[in-house]
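Okay, structure first, notes after.
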Amino acid sequence: MAVAPRAMDRLGSGTFRSIARHPNFRLYWIGALLSNVGTWVQMTAQGWLVYSLTHSELDLGVVGFASAVPSLFLSLYGGVLADRVERRRLMIATQTGAMLFALLLSYLTLTGQVTVTLIVAIAFLAGAVNALNAPVRMGIVSDLVSREDLSNAIALSSAQFQASRMVGPAIAGILLATVGPGWCFLANGLSYLAVILALFAVKVPPLARRPRRESAWDSLAEALRYVRSNPAMGALLSLAVIPSFLAMPYQSQMPAFARSVLGVGASGLGTLMSASGLGALIGALAVATFAKGIPKGRTMLAAAMGFGIALTAFALSRSFTLSAMLLVGVGLSSMVYNSLMQTLLQTLADDHMRGRVLSLLSIATFGVMPLGQLVVGVAAEAVSAPAAVAVGGALCAAFALWTSFRSAALGKLD
């Protein structure tokens, strides 16, 4: 039967070519997809649980802050580890830690011992593990595919994350309405087994030998000098900061939108979260398909502007159907922007510096996001969640427009 080989040949020249050509990447991609579904189940259920306990937009921001603030302090060190330790082994360790924290939260919730304080503490500890994991998660893709397929593999990695972002909240909505948040956290804990087993099975090239052993501080200083010597990298990292600070924190306020603004329940929250995931999946697949034929710099800037505009429109909507449709646009534009940002940085970075450069990207995105979540949470508590999110979206769009005029070099990147 030659049907399967012919199908793989077709995949090998199209949108899914890196999955078809590289078995190790295919195995890792499937394991990560299953694990990320669980992650989004927990993220949705955790926000719903916090808002159910306190009805406070500020508490939503505090939990988001606690989960992401470790990225400010640990991402750079995670980048150093990613350049020094075999990435597969490092990722197995971080995923095992994340699994244990999810199971702990499940136990506390199912036994009725959970409090907002405990949720904040576990979110902080899990965030520390994720901060160390972020650079290696982005960098391991380059260990599993050839350089010519790197852009496609990055886009497909984003696609699987966004597919999980579409499926996970929908599952969470069903579980929250039937069995409660504790079982959502248990499902996430068990889902980590998929990616851990996949990482044990894949083969990665040996870690390149460094000419001399540097201290961690020397390695960090080298990374900063390296970025400063490359204006394009510096401009990309600067562009990453504002949307992460002003716009992306909208996710932490989604339970408030679902319950207090749009008047829908847990299943409605799942639908809203899934809508943005659907848009992001479409965006990731579009980048995977057309990345070679588009001007990446200009497209990235246009997507950043579109992200801010769509987010502002969502914040002003009071229709559930319209809000869900606008979130598709929010997810699509933010995914195109983020995927092209990561692709350009990975392409510009030398192999021996990639982990540390990606750790700087992690700080510029995940690191500043907790500060934004706290600011948006305070603003939402003082005024309203729609007003806080609308202002953030409008400022994001304005900054992207200003950057497109100020930094012509970014528009020329391809």
On the basis of being under 26 Å from V375 (Cβ atoms), modelled with pLDDT under 90 and surrounded by fewer than 19 Cβ atoms within 10 Å (Cβ to Cβ), does L72 make the cut? yes
Going through segment 104-129 in order, the residues found to be assigned to a helix (DSSP H, G or I) and either surrounded by fewer than 16 Cβ atoms within 10 Å (Cβ to Cβ) or among the β-branched types (V, I, T) (or both) are Y107, T109, V116, T117, L118, I119, V120, A121, I122, V129
Look at T289 and say whether it is in a helix (DSSP H, G or I), of a type in the set (V, I, T), in contact (Cβ under 8 Å) with a residue 40 or more places away in the chain and closer than 27 Å to A172 by Cα. no
Breaking point among (1) surrounded by fewer than 17 Cβ atoms within 10 Å (Cβ to Cβ); (2) closer than 18 Å to L237 by Cβ; (3) at pLDDT below 80, for P370: (1)
Residue check, L371 assigned to a helix (DSSP H, G or I) and farther than 21 Å from W402 by Cα: yes
Filter segment 346-363 down to the residues that are surrounded by fewer than 24 Cβ atoms within 10 Å (Cβ to Cβ) and part of a helix (DSSP H, G or I), then identify the one that is nearest to the chain's Cα centre (by Cα). Q346
Residue that is nearest to L237 (Cα to Cα) [pool: residues in segment 61-86 that are of a type in the set (V, I, T) and outside any helix (DSSP H, G or I)]: V69
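Residues are listed down the side, and each one gets a yes or a no for (1) among the hydroxyl-bearing types (S, T, Y); (2) out of contact with any helix residue (DSSP H, G or I) (no Cβ under 9 Å at 6 or more places or on another chain); (3) modelled with pLDDT under 80; (4) surrounded by fewer than 24 Cβ atoms within 10 Å (Cβ to Cβ):
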| position | (1), (2), (3), (4) |
| --- | --- |
| A131 | no, no, no, no |
| L144 | no, no, no, no |
| A163 | no, no, no, yes |
| V167 | no, no, no, yes |
| A170 | no, no, no, yes |
| P181 | no, no, no, no |
| K203 | no, no, no, yes |
| R212 | no, yes, yes, yes |
Suppose we filter segment 146-161 for residues that are in a helix (DSSP H, G or I), more than 20 Å from the chain's Cα centre (by Cα) and surrounded by fewer than 20 Cβ atoms within 10 Å (Cβ to Cβ); how many remain? 2
Near pairs, Cβ below 6 angstrom, 6+ apart or cross-chain, from segment 175-199 (over 15 Å from T39 (Cα atoms)) to any residue that is β-branched (V, I, T) and in a helix (DSSP H, G or I): L199/I92
Could you pull out the residue among L49, L27, L53 that is at pLDDT 90 or above, more than 23 Å from the chain's Cα centre (by Cα) and either surrounded by 24 or more Cβ atoms within 10 Å (Cβ to Cβ) or part of a helix (DSSP H, G or I) (or both)? L53
Return a yes/no flag: does segment 377-388 have any residue that is in a loop (DSSP other than H, G, I, E, B) and modelled with pLDDT of 80 or more. yes
Residue under evaluation T109, criteria (1) touching a Pro at 6+ places or on another chain (Cβ under 6 Å); (2) modelled with pLDDT under 80, criterion not met: (2)
R318, sole failed condition from (1) within 21 Å of the chain's Cα centre (by Cα); (2) not in a helix (DSSP H, G or I): (1)
For the structure I just gave you, tell me whether L175 is at pLDDT 85 or above and on the phi < 0 side of the Ramachandran plot. yes
Test A303 against the criterion of being out of contact with any Ser or Thr (no Cβ under 6 Å at 6 or more places or on another chain) and either under 19 Å from A240 (Cα atoms) or part of a helix (DSSP H, G or I) (or both), and give yes or no. no
Reported set for segment 283-313 where residues are over 21 Å from A235 (Cα atoms), surrounded by fewer than 22 Cβ atoms within 10 Å (Cβ to Cβ) and modelled with pLDDT under 90 is L285, A286, T289, F290, K292, G293
Considering only segment 160-193, state which residues are β-branched (V, I, T) and touching a Phe, Trp or Tyr at 6+ places or on another chain (Cβ under 9 Å). V167, I171
Identify, by number, the condition in (1) β-branched (V, I, T); (2) farther than 20 Å from Q162 by Cα; (3) in a helix (DSSP H, G or I) that V264 doesn't meet. (3)
Contacts under 8 angstrom Cβ, first residue in segment 224-235 being at pLDDT below 80, partner assigned to a helix (DSSP H, G or I) and among the aromatic types (F, W, Y), 6 or more apart: none
Surrounded by fewer than 23 Cβ atoms within 10 Å (Cβ to Cβ) and either modelled with pLDDT under 80 or more than 22 Å from F399 (Cβ to Cβ) (or both): does that describe L207? yes
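The values are calculated or read from the model by the stated rules, or taken from the named source; none is laboratory data. Not measured: the values here are computed from a predicted model. All Cβ positions, even for glycine, are placed from backbone atoms using ideal geometry, and neighbour counts span all protein chains on display.
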